[in-house]
1. If you restrict to DSSP beta bridges whose two residues both lie in the chain, what percentage is antiparallel, to the nearest 5?
2. Compute the helix-to-body angle for 51-74: its Cα long axis versus the longest principal axis of the chain, expressed 0 to 90° and rounded to tens.
3. Between 87, 76, 128, find the one with the highest GNM mean-square fluctuation for the chain; connect C-alpha pairs within less than 10 Å.
4. Is the shape of segment 13-71 best called rounded, prolate or oblate, per the rule: a/c under 1.5 gives rounded, else a/b larger than b/c gives prolate, else oblate, with a ≥ b ≥ c the square roots of the Cα gyration tensor eigenvalues?
5. Mind pulling the angle between the C-alpha long axis of helix 129-151 and the longest principal axis of the chain? Nearest 10 degrees, somewhere in 0 to 90.
6. According to the square roots a ≥ b ≥ c of the eigenvalues of the Cα gyration tensor, what is the shape class of segment 64-117, taking rounded for a/c under 1.5, prolate for a/b larger than b/c otherwise, and oblate for the remainder?
7. Please give the peptides 90-96, 17-23, 80-86 ranked by average Cβ packing (other Cβ atoms within 10 Å per residue), highest first, as a rough proxy for protection.
8. What share of Cα pairs, in percent, lie more than 18 angstrom apart in segment 42-148?
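What follows is calculated from the coordinates using simple rules that are stated; it is not laboratory data. Just so it is clear, the structure is predicted and the values come from calculations on it, not from any experiment. Cβ atoms come from the backbone with ideal geometry, glycine included; neighbour counts cover every protein chain shown.
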C-alpha cells in the first residue's frame, strides 16, 4: 500500500508540475506578446519620425565617406555628385574642403530628396535614403507580424 500511495503521489506531483510548466509557458507567451504590443507603436514611430530626421542629417556625411572611399580606391579623379536641390547646401558644406578639390556638385531635379548619385569615371554609387527607410519600415512590420504569429 505504501508503494502504491507513493506512486500515486509521484503521479500527482508530475501532473501538477506539468500543469505549472504549461501555465508558466502560457504566461511567458502572454507577457512577451504584451511587451511587443506595447513597444510596437514606439518602434513604428521611431522608424517613421526619428530615423528620417537622423538620416537627413547623416546624408552629407555618408556622401563624404563615399567620396573619400572612391578617392582612396580609384585615385584622385574628377567626381560628380548629383542630388536634389534641397540636399545640395548640406552636402556642399560637408564637402567644402581643399582635399576634395576635384569634386563637383550638381542639382538634379529628377532625384528625390535623400537620393544621391556619385560618379567617378565609369564608377557610380547611389545613396537612397528614402528606399532604405522604406525597407527598414517593412522589416520592422515583418518582425512585429512574425512575432505575433510565433506567439499566437
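1. 65 percent
2. The angle comes out at about 60 degrees.
3. Comparing 87, 76, 128 in a Gaussian network model of the chain, the most mobile one is 76.
4. Taking the square roots of the gyration eigenvalues as a ≥ b ≥ c, segment 13-71 is oblate.
5. Result, in degrees: 0.
6. Note, shape of segment 64-117 comes out prolate.
7. On the way: 90-96: 15.1, 17-23: 10.0, 80-86: 18.0.
Taking the mean over residues of other Cβ atoms within 10 Å, the ranking is 80-86, 90-96, 17-23.
8. 52 percent
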